[in-house]
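The values are calculated or read from the model by the stated rules, or taken from the named source; none is laboratory data. The shown structure was predicted, so the numbers you read here are calculated from the model rather than taken from an experiment. Backbone-built Cβ (ideal geometry, glycine too); neighbour counts: all protein chains shown. Surface areas here come from the heavy atoms of the whole protein model, side chains and all, with no ligands, DNA or RNA. Shrake-Rupley method; radii C 1.70, N 1.55, O 1.52, S 1.80 Å.
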Amino acid sequence: MAADKAIRKFGHPGKGRRGGRYEGKGRQVEPAALSEIQTMLGDRPRRRDLLIEHLHLIQDSAGHLSARHLAALAGEMKLSLAEVYEVATFYAHFDVVADGDSAPPPLTIRVCDSLSCEMQGAEALYDNLTERLDSGEVRIVRAPCMGRCECAPVAEVGHRHIVNATPEAVSNAVEGGQTEPSIPPYVEFDEYEKNGGYHILRACLSGERDIEDIISAMEASGLRGLGGAGFPTGRKWRFVRAEPGPRLLAVNGDEGEPGTFKDRYYMERDPHRFLEGMLIAARAVEAEECFIYLRDEYPGLHHVLAKEIAKLGAAGLSEGTKITLRRGAGAYICGEESAMLESLEGKRGEPRHKPPFPSQVGLFGRPTLINNVETLYWVRDIIERGGEWFSSEGRNGGKGLRSYSVSGRVREPGVKLAPAGITVKELIEEYCGGMADGHEFKAYLPGGASGGILPAAKGDIPLDFGTLEDEGCFIGSAAVIVLSDHDNMRDAALNLMRFFEYESCGQCTPCRAGTEKAVKLMSAADWDQPLLKELSQTMLDASICGLGQAAPNPLLTVLKHFPGDLT
């Protein structure tokens, strides 16, 4: 009787209120789309942390992410459609196409508009390419730093980077169908091992090398995290090792700071030196799995690492430590360690609140050692030569070696391995061949976009951790961008603030709204300096992570040191 009443009120189970078949609320999964998704994924696991990897598969196959495919993916992975959409729309390299909208053209050309490229004519390159090539088959878009600042300006045709780009070179690549990444020669596994590579790792695996001695050597070297934070490496290893297992290791290969390209430089030439350092670190902290988070702007390196990691497994060198290679998807914020962990878990790359710190509660809630690529690159040399060898290097009170990514108005830009503590004037004269012809040294960024801008008059400050903070700057990842009398500091600061506006993850209001308002104020003919300072202080005080806290640095240093460029 009660059942009959319910049927009269709500309709028969499986029927709509008007007696039709009940289809459920929200977007329904199309059988054809589900079949296509299942084919793309094959026998890959449907785990939540693989969401971004699966989105890449769809993007690579279809050229975009359609609403029907996203719905099918959500159903296949047993996730809500909202979970899939919020991730897909967060990352810049995913093209989400709503119902009724046109899919993007088959080929995308990205023109880097970060500071080093803008100084070398990226805006004119963009305008020229738009006139030449923008059509139904090709689209031209601006893009943030691609990690090739020494060869500015840079464009990317599909997945192929055109360095020192000209309209003719880009057009030729398009006409020739050259859209796949070019892979320069590098030290492969056999050559690396032949020249003494992996003997330290083998000694660790056999027990010949004591782990305590390894960690002690790292502590004695004074090596600090070279991704920008500068935390002592040996101490971090010891902290993680002291935490209860199981433990993990995550490699930060997402060097998205404008002006930074040293990690790419080392991986392109000698990837196994980095991989051996990673496996030694994993052995030291007894990590069960290593995750390499590589920025999506380095597609050629993804191929190289995948190929060489397979060789490690075949040689038995990764025994007991699984190596997982993951792609970023175009989000500068994922260079922040906790945002990277979120991305590795298949989520939006939004920074976590600390504490707890990743060494205690990191990836998948486990104690996690996080090191960047260059930090691990030095491990083999330090253990072979001894910690004292590394710490004995340095200049002007600095200790160790630093890889300075130098771009801008110098005659010979590139990665310069120099003593920590060298000054920018010494770096320019001794390692970069001096200033470019016709340019006079005017200013420099000591630590990339977030490190502030200093005048040439302050070019005698040692470039090292702790030496620049009194000037409102910091060394960070040692991305040195040199500016000349041809450059306007107001324009430089606006370029950098636009970058931060674009890359803000949006999680906290001070950064999300602050960068947007700053760009509007800085785009005005006359800067409202009191308001800009007040806005900057709010961002410094209240932003959740380093992006919002560092975004005002270029603005504040330009206000302080370059009043003549504001009129």
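In the set Glu440, Glu384, only one residue is open to solvent by 30 Å² or more (accessible area, probe 1.4 Å) and either of a type in the set (Lys, Arg) or in contact with an Asp or Glu (Cβ under 7 Å, 6 or more places away or on another chain) (or both); that residue is Glu440.
When the residues of the stretch 152-173 are filtered to those that are in contact (Cβ under 8 Å) with a residue 60 or more places away in the chain and out of contact with any Lys or Arg (no Cβ under 9 Å at 6 or more places or on another chain), the one that is surrounded by the fewest Cβ atoms within 10 Å (Cβ to Cβ) is His159. Please determine whether any residue of the stretch 363-377 is in a helix (DSSP H, G or I), over 21 Å from the mean Cα position of the chain (by Cα) and surrounded by 24 or more Cβ atoms within 10 Å (Cβ to Cβ). Checked the stretch 363-377: no residue is in a helix (DSSP H, G or I), over 21 Å from the mean Cα position of the chain (by Cα) and surrounded by 24 or more Cβ atoms within 10 Å (Cβ to Cβ).
Yes/no matrix, rows are residues, columns are (1) modelled with pLDDT under 95; (2) not acidic (Asp, Glu):
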{"position": "Lys307", "(1), (2)": "no, yes"}
{"position": "Leu312", "(1), (2)": "no, yes"}
{"position": "Glu319", "(1), (2)": "yes, no"}
{"position": "Ala331", "(1), (2)": "no, yes"}
{"position": "Glu336", "(1), (2)": "no, no"}
{"position": "Gly346", "(1), (2)": "no, yes"}
{"position": "Arg352", "(1), (2)": "no, yes"}
{"position": "Pro358", "(1), (2)": "no, yes"}
{"position": "Gly362", "(1), (2)": "no, yes"}
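Total residues in the stretch 108-160 satisfying the condition of being over 17 Å from Ala492 (Cα atoms) and polar (S, T, N, Q): the figure is 4. Here Leu496 meets the list (1) of a type outside the set (Gly, Ala, Ser); (2) in contact (Cβ under 8 Å) with a residue 24 or more places away in the chain; (3) in a helix (DSSP H, G or I); (4) open to solvent by 10 Å² or more (accessible area, probe 1.4 Å) almost entirely, failing just condition (4). A search for C-beta distances below 7 Å between a residue of the stretch 355-367 that is among the aliphatic types (A, V, I, L, M) and any residue that is not in a loop (DSSP other than H, G, I, E, B), counting only pairs 6+ apart in sequence or on different chains, returns Leu363/Leu248; Leu363/Ala250; Leu363/Phe291; Leu363/Leu341; Leu363/Leu344. The set of residues in the stretch 270-309 that are out of contact with any helix residue (DSSP H, G or I) (no Cβ under 9 Å at 6 or more places or on another chain) and either farther than 29 Å from Arg160 by Cβ or among the aliphatic types (A, V, I, L, M) (or both) comprises Ala282, Ala306. The criterion of at least 2 residues that are within 25 Å of the chain's Cα centre (by Cα) and either crowded, with 24+ Cβ neighbours inside 10 Å or touching a residue at least 24 places away in the same chain (Cβ under 8 Å) (or both) is met by the following helices (runs of 4 or more DSSP H) wholly inside the stretch 191-296: 233-242, 262-269, 271-285. Just checking, which of Ala306, Ala339, Ala329 is of a type in the set (A, V, I, L, M) and either out of contact with any Leu (no Cβ under 8 Å at 6 or more places or on another chain) or buried (at least 23 other Cβ atoms within 10 Å of the Cβ) (or both)? Residue meeting the stated conditions: Ala339.
Scanning the stretch 476-493 for residues being part of a loop (DSSP other than H, G, I, E, B) and modelled with pLDDT of 95 or more gives a total of 5.
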